[in-house]
1. Output the residues belonging to segment 320-337 that are in a loop (DSSP other than H, G, I, E, B), within 15 Å of Gly295 (Cα to Cα) and touching a strand residue (DSSP E or B) at 6+ places or on another chain (Cβ under 8 Å).
2. List every residue pair whose Cβ atoms sit under 7 Å apart, with the two residues 6 or more apart in sequence or on different chains, where the first one lies in segment 343-364 and is in a strand (DSSP E or B) and the second, anywhere, is open to solvent by 40 Å² or more (accessible area, probe 1.4 Å).
3. If I ask for residues that are at pLDDT below 95 and either open to solvent by less than 60 Å² (accessible area, probe 1.4 Å) or farther than 27 Å from Val121 by Cβ (or both), which ones from segment 65-78 would you list?
4. Between a first residue in segment 271-287 that is farther than 10 Å from Ser254 by Cα and a second residue that is modelled with pLDDT under 95 and open to solvent by 20 Å² or more (accessible area, probe 1.4 Å), which pairs have beta carbons less than 6 Å apart while being 6 or more apart in sequence or on different chains?
5. From the list Gln426, Gln434, Gln412, which residue is in contact with a Leu (Cβ under 8 Å, 6 or more places away or on another chain), over 22 Å from Arg357 (Cα atoms) and open to solvent by 10 Å² or more (accessible area, probe 1.4 Å)?
6. Tally time: how many residues in segment 399-424 are part of a loop (DSSP other than H, G, I, E, B) and in contact (Cβ under 8 Å) with a residue 60 or more places away in the chain?
7. Take the residues of segment 349-389 that are touching a Gly at 6+ places or on another chain (Cβ under 8 Å), among the charged types (D, E, K, R) and open to solvent by 20 Å² or more (accessible area, probe 1.4 Å): which is nearest to Gly54 (Cα to Cα)?
8. For segment 293-319, name all the residues that are buried (at least 22 other Cβ atoms within 10 Å of the Cβ), aliphatic (A, V, I, L, M) and in a loop (DSSP other than H, G, I, E, B).
Amino acid sequence: MMRYCNRLFLVGMLLLAGCTKTTPVEEVSVKSSGIALDESDVTDLSTAWPGWRGPQQNGIAPDQELPTQWNETTNIIWRTDIPGRGHSSPIVVDDLVLLATADDQSQQQMVMALNRADGTVRWESVVHEGGFPSPRELHKKGTNANGTVLCDGDHIYAVFFNSGKIIATALDLEGKQLWQQELGAFNSKFGYAPSPLLYKSFVIIAADNRGGGYIAALDRKSGKIAWRIARPAISTYSSPVVADVGGRDQLLISGCDQVASYDPSTGKLNWSTPCLAEATCGTIVTTKDRIFASGGYPKRETVCLSADGKLLWSDKTKIYEPSMLVDGSQLYGITDDGIAYCWSTETGDVLWKNRMRGSFSASPILCNGLIYVSNLLGDTFVFEANANGYQEVAINKLGDDCYASPAVSDGQLFLRIGKQSDGKRQEELVCIGQVSVPAE
């Protein structure tokens, strides 16, 4: 009996060791790679929606006339079935709408391109076949296509967790693979979530995980690693952002019990400030001289930092999955359980809060002074970005769920939703726009 118990104990320890296996991160410097940042400008994508959180990476769309009301039969331009599942939000560049998805049954991770005018599928490009993580490596709400794809006007970049690694792939606008690059090992607790970001000649990708986290910058044209830095061995899920704060470009990311700032051209650490929590999901938002972040698990905190990382104020509120918005002197956030908050960016005082129905995973966007955000029931709330109180404009029902965040371009809103039919869930991409009613 003692031998049997010892054997069970040994097996348990081996399983535990397997779950927490660490993989040393081999750091790469710009000097050793020989790949320096090219300062030449990229294509002007200010009127497109080229990646996660839009053209400014902050959820703010250029002012345009967006519809505020729609339903299953009103202001729907087109709707197209999407195979598989994914929380990848749509992006829009020129006449293409792009998104990632994953078919668990066939074990295919793919990028899809739809015709922006009518929603017809232009092409589907399978990036990986096989190599999917086990179900225990994913959160029950997660998918094998969580990250939003990125487009620089010429190339499309997709990042997937596959075969125990994080792998980036570049496609041309016809879906042809140009290059593929392994970034490093990934020991998954709940899956992979971050989206890539564009910074001049680099594509920057975060991969925080309990086996040994890292951030890497790849050369857009060749896919070669320009720099890679190690991060703590902690599972956390936020996407990085590059913002001009304090008069310099800073690569900012939350999680690992800190907010950290790096030089996006080299990966060199500028500063890190202990705050927030072990795990965060939201992407940082900024003004010219302030940085705002929220989370997480297991602690709860929303913070405001100066441009050099000094803690200016803190609030014990957690905005975990959705990212926040900052508009002038107000900071907005919607908690996972559906409470909308408005803070003063200067003092951290709560100007108002309002309970909305349902739970939320999607991040809000701001356009024309209005905030749009969808809950997990398929309701999209439209309300004013207003310091004086919650002023609701509309609640629009479409589908049965919505995990992904919207994209905006040329007066149209693009939503990825789920619908239940005969006990089965089908994802759709829907283009919402103002449809004129013919005169009688």
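The values are calculated or read from the model by the stated rules, or taken from the named source; none is laboratory data. No experiment lies behind these values; they were computed from the predicted model shown. All Cβ positions, even for glycine, are placed from backbone atoms using ideal geometry, and neighbour counts span all protein chains on display. For the accessible areas, the whole protein counts, side chains as well, though only heavy atoms, and no ligand, DNA or RNA atoms are used. Shrake-Rupley method; radii C 1.70, N 1.55, O 1.52, S 1.80 Å.
1. The answer is Tyr320, Pro322, Ser323, Met324, Thr335.
2. Trp343/Asp349; Trp343/Val350; Trp343/Leu351; Ser344/Ser329; Ser344/Leu351; Trp352/Tyr390; Asn354/Tyr390
3. Matches in segment 65-78: Glu65 only.
4. Partner pairs satisfying both residue conditions: none exist.
5. Gln412
6. Filtering segment 399-424 for residues part of a loop (DSSP other than H, G, I, E, B) gives 399-400, 402-406, 410-411, 422-423.
Of the ones still in play, those that are also in contact (Cβ under 8 Å) with a residue 60 or more places away in the chain are 403-406, 410-411.
So the count comes out to 6.
7. Here the residue is Glu384.
8. Result: Ile319, single match.
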